[in-house]
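The values are calculated or read from the model by the stated rules, or taken from the named source; none is laboratory data. Source: prediction; values computed, not measured. Only protein heavy atoms, including side chains, enter the accessible area calculation; ligands, DNA and RNA are left aside. Shrake-Rupley method; radii C 1.70, N 1.55, O 1.52, S 1.80 Å.
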Amino acid sequence: MIPRQLNTGRLIARWCSRTSGDSGRRKDVVDMVRSASDVSEFRKAFSKAKHIAVLTGAGVSAESGVPTFRGEGGYWRKWQAQELATPEAFSRNPSRVWEFYHYRRELVLSRSPNAAHRAIAECEARLSRQGRSVVVIAQNIDELHRRAGSQNILEIHGSLFKTRCMSCGNVAANHKSPICSALGGKGAPDPNMSDAVIPVEDLPRCENGSCNGLLRPHVVWFGETLDSNILTQVEKELEICDLCLVVGTSSIVYPAAMFAPQVASRGVPVAEFNREATPATNRFMFHFPGPCGTTLPPALERHESEVI
């Protein structure tokens, strides 16, 4: 609650005055006071917001144990995701690419939504009963937001649990485990593991009528453009939002990296929840460092002004 945050700030300030001889320690305390003040101001903005846009990234899923496949250690076997998540890689070796995505699907199915996912879903459900809206603009493809209970989700990079037919173009949800029998037990990330070399006819196939075409993951690969229909919906949400949250994202992947700065340029409050500062941090009104599962739930809890 806001009073608790403000009381904490006063207590820290008093402690700060007693440690004036330690400048480094004093700076840390001042930052804590500022953070407490920011929470208070954010909660005021939150209490007034009618349309909240929540842009989420890999950092949210990482707290559920989902690999980000970025930076050092971001390999599957000896390949980086950028080498596998392309139309060219799928054309050259669909078996290898399907092993990679089968591994990711199975791993995500073994993980659960964390406190940040649940806080967003609970906030959406609660505010919807008040005639207010929350939309999740997800860069992740793991559907953990959906499993947490979020309903209003725009998946700008697609989903691990949807497929698209290379022949007829049909897009369908697919949560089978394994997605096809030939992939059962395959996909181990061990760099010493050899490719399964699955015949193309045994890879996931289209079940739309008598098509039987080769399926691919319905995700946006490197070199591909985002779905224009999804982008149109995102633009509409960003135009009407009166509060924007940026949660667990590095703000370096475009075009999503420009979404929140564009909102901020309209004077709309933007709050960043991330373990560390990003290239966009200075453009936002609020920044809350730390794990999203720790910082986000108290920020989105029921405000004292809410009547429902």
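As a length-normalised measure over Cα pairs under 8 Å and 6 or more apart, the relative contact order of segment 189-308 settles at 15 percent. Using only Cα atoms and rounding to the nearest 10 degrees, what angle (0 to 90) does helix 115-128 make with the longest principal axis of the chain? That works out to roughly 80 degrees.
The solvent-accessible area of Asp242, taken with every protein chain present and a 1.4 Å probe, is close to 50 Å².
Using a probe of 1.4 Å, the accessible surface attributed to Leu226 totals some 30 Å² when neighbouring protein chains are kept in position.
Relative contact order for the chain: what percent, with Cα pairs under 8 Å and sequence separation of 6 or more? That works out to 23 percent.
From the alpha carbon centroid of segment 156-234 to that of segment 65-135 is 13 Å. Accessible area per residue for the chain, computed on protein heavy atoms with a 1.4 Å probe, is 49 Å². Per-residue extension of 0.36 nm, minus the Cα-Cα distance of Glu276 and Ser194, leaves a gain of 25.8 nm for this segment.
Relative to the dominant Cα principal axis of the chain, helix 23-48 is inclined by about 80°.
Seen against the Cα atoms of the chain and their longest principal axis, helix 2-17 is set at about 70 degrees. For semi-axes √(5λ) of the Cα gyration tensor in Å, the value computed from the atomic coordinates appears in the list (i) 41, 22, 16; (ii) 26, 24, 19; (iii) 35, 25, 22 under label (i).
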